[in-house]
Amino acid sequence: MAMYEPNSMNGSNNSNSQPLNKSLSNIDISQIITGCKDQGAKQYQEDSFCTFHSPDLTFLVAGVFDGHGGLNGQVASQIVSKLCLQYFQENWQKAKTWNNQQWTQQMELFYDNLHQKVRDEFIQLEISRRKHSKLPTTNVEDKGVVRKSSGFPVHGGTTCSIVCVIRTDTKWRIICSNTGDSDALLLARKPSRLHRDNNKQKHLSVDHSPDNADEYLRIKNLPTDKYPIKLLFVYDQANTCRKFECPIVFLEDGTKDPKYVKNPWGNHLRPTNVRYDPAVYAVSPYGVSHDITCIAMTRSLGDFYAHQFGLTNKPSVTFNELNIYNDNPNGGGGDKGGKEANEFIITVGSDGVWDCWKWDDFADYVNGVMTKYQNKLENVCKTVLKHTIQRAKACFGEGSYDDASLVCVALRPSLFEPTSKQSTTEQSQQNDSNNNNNNNNNN
């Protein structure tokens with residue numbers, strides 16, 4: 001195969017944010033935001049992630065991008081990660097002033113641009129392949145679909161989950177945008193339960209799987225003149241060769257077929273994770289010949305051939321606000337002016353992480369590791385990912401476990417106060433490593 005280096009990734013991909021303000025220069029950024037990843041049993045590392053912090057630490061970004069499609073998936077996740085970092089380096093100050101409507105509009109525009117950039121990279125990759133094979137380089141793009149010389153579509157794309165945290169004097173404002181199934185989870189740290197619902201964890205991202213009734217209805221209600229053929233949502237049933245012949249997930253009204261809800265394993269469905277959720281796919285129906293689709297999500301960047309059937313790159317955008325401090329009912333003795341500090345952890349990961357955990361078990365484990373390592377987030381992130389890989393190998397086998405990437409953000413007010421425990425030189429080195437777009441590890 002022809003070797004290809006995306007034009008926009010030439011050279012060192014080591015851009016990071018501006019240095020911290022002088023008064024904050026001794027803060028250890030790796031204890032506030034950090035990430036790591038591990039390659040699974042596949043040929044290519046298709047996961048990427050990025051982190052960003054503003055110089056005044058009032059704006060943090062954690063992004064995870066889970067590619068699929070081999071080399072194409074790697075290319076897609078890497079270019080999206082690079083562009084995500086560049087975007088927030090340039091726009092974080094403006095983004096702090098956006099209201100919810102503006103955030104939604106800007107993220108939709110940004111994801112459209114990411115989608116087009118992935119298309120541009122796929123076109124260049126296909127041209128390189130054709131030149132290497134001495135094939136014509138015409139008709140690479142057909143109505144937005146990137147095609148091989150055979151006329152069949154180029155497969156591949158990536159998820160995109162980005163969490164932005166804006167810090168004020170009293171609030172954490174959290175904006176999560178996502179396409180695909182790379183979940184973002186908010187974990188309670190102190191106190192051990194979230195105030196509003198008393199849960200240990202909360203999803204910040206929106207489920208974009210064929211198991212989501214809202215996604216089923218979204219595609220069902222697309223205009224038939226623009227979408228004459230639409231994706232089917234089906235279960236993965238054993239001994240069924242053609243996916244469109246598998247049982248459908250939803251009835252016409254958007255409710256699940258009770259036959260399979262009540263007795264999934266008796267009807268030969270297959271589980272997809274340790275939570276024993278039945279595996280589901282969005283597939284093209286009978287009669288589709290060239291652009292056959294079978295994908296485990298309903299939104300993604302890339303996968304251009306499937307957009308004619310209802311797949312979309314439009315993100316879901318959610319908003320949450322958390323109190324940094326709670327009033328201390330006993331008066332005094334708190335962290336700041338008689339107030340008790342709340343502590344949270346945000347985790348953004350690919351499905352290589354989430355397929356190995358029940359949600360509350362993950363929250364318990366992360367909090368336990370935080371306690372063990374005395375809140376040293378970098379050690380925590382690496383330990384959690386290492387243990388997750390061990391679980392993945394045990395659950396799915398040494399030869400089939402997935403890539404996994406995880407970014408952790410510690411929302412602990414004490415971390416954002418200047419300290420004198422670290423030299424400026426040491427911190428400068430940590431800033432350089434922790435704000436990097438980490439795609440270079442793939443090369």
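Looking at this structure, is residue 380 within 11 Å of residue 35 (Cα to Cα), touching a strand residue (DSSP E or B) at 6+ places or on another chain (Cβ under 6 Å) and open to solvent by less than 10 Å² (accessible area, probe 1.4 Å)? Taking the combined requirement at face value, the residue does not satisfy it. A search for C-beta distances below 7 Å between a residue of region 317-341 that is loosely packed, with under 15 Cβ neighbours inside 10 Å and any residue that is at pLDDT below 95 and of a type in the set (Phe, Trp, Tyr), counting only pairs 6+ apart in sequence or on different chains, returns 336/325.
Here residue 263 fulfils each of the conditions (1) polar (S, T, N, Q); (2) in contact (Cβ under 8 Å) with a residue 12 or more places away in the chain; (3) surrounded by fewer than 15 Cβ atoms within 10 Å (Cβ to Cβ) apart from (2).
Matching residues to (1) within 30 Å of residue 407 (Cβ to Cβ); (2) of a type in the set (Val, Ile, Thr); (3) more than 23 Å from the chain's Cα centre (by Cα); (4) open to solvent by less than 60 Å² (accessible area, probe 1.4 Å):
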site	(1), (2), (3), (4)
209	yes, no, no, yes
218	yes, no, no, yes
225	no, no, yes, no
233	yes, no, no, yes
238	no, no, yes, yes
242	no, no, yes, no
245	no, no, yes, no
248	no, yes, yes, no
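Residues in region 144-197 that are in contact (Cβ under 8 Å) with a residue 24 or more places away in the chain and out of contact with any strand residue (DSSP E or B) (no Cβ under 9 Å at 6 or more places or on another chain): 144, 152, 168, 169, 192. For residue 186, the test of being within 26 Å of residue 272 (Cβ to Cβ) and touching a Lys or Arg at 6+ places or on another chain (Cβ under 6 Å) is passed. Within the bounds of region 38-60, is there any residue that is on the phi > 0 side of the Ramachandran plot, in contact with a Gly (Cβ under 6 Å, 6 or more places away or on another chain) and touching a residue at least 12 places away in the same chain (Cβ under 8 Å)? Within region 38-60, not a single residue is on the phi > 0 side of the Ramachandran plot, in contact with a Gly (Cβ under 6 Å, 6 or more places away or on another chain) and touching a residue at least 12 places away in the same chain (Cβ under 8 Å).
Only one entry in 359, 354 is modelled with pLDDT of 95 or more, open to solvent by 10 Å² or more (accessible area, probe 1.4 Å), under 26 Å from residue 179 (Cβ atoms) and aromatic (Phe, Trp, Tyr), namely 359. I'd like the full set of residues that are open to solvent by 10 Å² or more (accessible area, probe 1.4 Å) and either of a type in the set (A, V, I, L, M, F, W, C) or touching a Lys or Arg at 6+ places or on another chain (Cβ under 6 Å) (or both), limited to region 59-102. Matches in region 59-102: 71, 83, 92, 98. Only one of the listed residues (283, 288, 274) is without any contact (Cβ under 8 Å) to a residue 60 or more places away in the chain and either surrounded by fewer than 19 Cβ atoms within 10 Å (Cβ to Cβ) or of a type in the set (Asp, Glu) (or both). That residue is 288.
Taken as a whole, the condition of being in contact (Cβ under 8 Å) with a residue 40 or more places away in the chain, farther than 18 Å from residue 310 by Cβ and among the polar types (S, T, N, Q) does not apply to residue 209. Filter region 383-407 down to residues that are among the aliphatic types (A, V, I, L, M) and assigned to a helix (DSSP H, G or I) and give me whichever is most open to solvent (accessible area, probe 1.4 Å). The residue in question is 394. Inside region 174-206, residues that are closer than 21 Å to residue 356 by Cα and either under 11 Å from the mean Cα position of the chain (by Cα) or open to solvent by less than 10 Å² (accessible area, probe 1.4 Å) (or both) make up a count of 14. Select from region 149-164 the residues that are assigned to a strand (DSSP E or B) and either open to solvent by 10 Å² or more (accessible area, probe 1.4 Å) or more than 12 Å from residue 114 (Cα to Cα) (or both) and list them in ascending order. Within region 149-164, 153, 161, 162, 163, 164 meet the criteria.
The values are calculated or read from the model by the stated rules, or taken from the named source; none is laboratory data. Owing to the predicted nature of the structure, the values given are computational and were not obtained by experimental measurement. Don't worry about glycine lacking a Cβ; one is built from the backbone with ideal geometry, like all the others, and counts go over all protein chains shown. The protein model used for the area step is the full one, side chains on, heavy atoms only, and it has no ligands, DNA or RNA in it. Shrake-Rupley method; radii C 1.70, N 1.55, O 1.52, S 1.80 Å.
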